[in-house]
1. Given a Förster distance of 41 angstrom, what is the FRET efficiency for Q33 paired with D98, based on the Cβ-Cβ distance and rounded to 0.05?
2. For segment 1-67, just say rounded, prolate or oblate: build the C-alpha gyration tensor, square-root its eigenvalues into a ≥ b ≥ c, call rounded for a/c under 1.5, and beyond that prolate if a/b exceeds b/c, oblate if not.
3. By counting other Cβ atoms within 10 Å of each Cβ, how are W68, W51 ranked from fewest to most?
4. If amide hydrogens are placed 1.01 Å from N in the peptide plane, which non-local residues have theirs closer than 5 Å to the one on I66?
5. Report, by chain and number, residues whose modeled amide H sits under 5 Å from the one on I186, excluding near sequence neighbours (fewer than 5 apart, same chain).
6. Would you mind getting me the FRET efficiency between T59 and H146? Use the beta-carbon distance for r and R0 = 45 Å, nearest 0.05.
7. With viscosity set to 1.567 mPa s at 4 °C, what whole-number translational diffusion coefficient in µm²/s follows for segment 1-117 from Stokes-Einstein and a Kirkwood radius over Cα pairs?
8. Filter K107/K129; K24/K129; K136/K203 down to the pairs with a C-alpha to C-alpha distance above 19 Å, please.
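What follows draws every value from the coordinates through simple rules; no lab data is involved. What you are looking at is a predicted structure, and each value in this text was computed from that prediction instead of being measured. Neighbour counts run over all protein chains shown; Cβ positions are idealised from the backbone, glycine included.
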Amino acid sequence: MEQMTICIDISRCTACRACQVACKNWNQLKAEQTENRGSHENPPDLSGQTWNRIVFMETRISNDGIDWAFFSERCRHCDDPPCIEASESVPGAIIRHDSGAVLFTEKTQQLEYDDVLSYCPYDIPRKDKATGRINKCTMCVDRVTHGLKPACVTACSTGALNFGPRPEMLRFIEARIKALGGDANIYPGEDHNTIWILPENRKRYPLAQAMEVRRPYRRAARGKSGAVLAGVLLTAGLVKFRERVQPNPSEEKAGQ
Ligand code: SF4
Ligand code: SF4
Ligand code: SF4
């Protein structure tokens, strides 16, 4: 089948989290006990049972003003997925589907979780404690191969989540960036099948920044002495990200 792409326009995300619920519902993933962390953000992290979550970013802009931004965190479905390199010892454990989806199969139970995680520049794979399987977003390939959109896209009522053939999505992204103007840009890049539209400079989005720091470290993870320095940079980036991660929302609404 043709290559497909999810486009996440965060200028249209209202943090309603219908996408989180739809993902759980379609994929029959369990609810998980969480606790109030002083933030509207919930759950606090991806897990073996949570493959998509809305990250809240809050910046105080005046004594009584708060600027919020939201980031739908999930697998990037990389065109050239580094995580596949971690599955060389178990053929078929991680595969790239014609649709562009990168899929973790039941054979991931035979892989070392830490090794797989170290190959993902974006900190996405999570091990399911009950099954030992390593999980993440599947791009709803079981729906997509039957002509349906991913469950999260279907649930999104604002037009923040969009899905379609890759050339169509790239044209959509180009037009949207032009319409937003200013510092609007894409993340992480066109060599992925999940692409975010950022309405402002990516410095506004600490998650994107932290992951950029992490990327070179992870790709060079196996036996590189430079990993120590990169690890320090990674830690600094993630600490900065975690310090800033708290509640936050967006602007306009549109239907897909
Ligand atoms: S991406 Fe859509 S469904 Fe998900 S939180 Fe944002 S507006 Fe809601
Ligand atoms: S984001 Fe991570 S888990 Fe997803 S395809 Fe890329 S390397 Fe693999
Ligand atoms: S594409 Fe499917 S598996 Fe991925 S986040 Fe959306 S609903 Fe979940």
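1. Values: r = 38 Å, r/R0 = 0.93.
Result of the calculation: an efficiency of 0.60.
2. On the way: a/c = 3.06, a/b = 1.37, b/c = 2.24.
Oblate.
3. On the way: W68 16, W51 23.
If I rank by nearby Cβ atoms, fewest first, I get W68, W51.
4. When sequence neighbours closer than 5 places are left aside, the close amide H contacts are I61.
5. Residues meeting the amide H criterion: L198.
6. Working: r = 42 Å, r/R0 = 0.93.
Calculated transfer efficiency: 0.60.
7. Details: Rh = 16.7 Å.
Estimated via Stokes-Einstein, D reaches 78 µm²/s.
8. Working: K107/K129 15 Å; K24/K129 17 Å; K136/K203 26 Å.
Pairs exceeding 19 Å: K136/K203.
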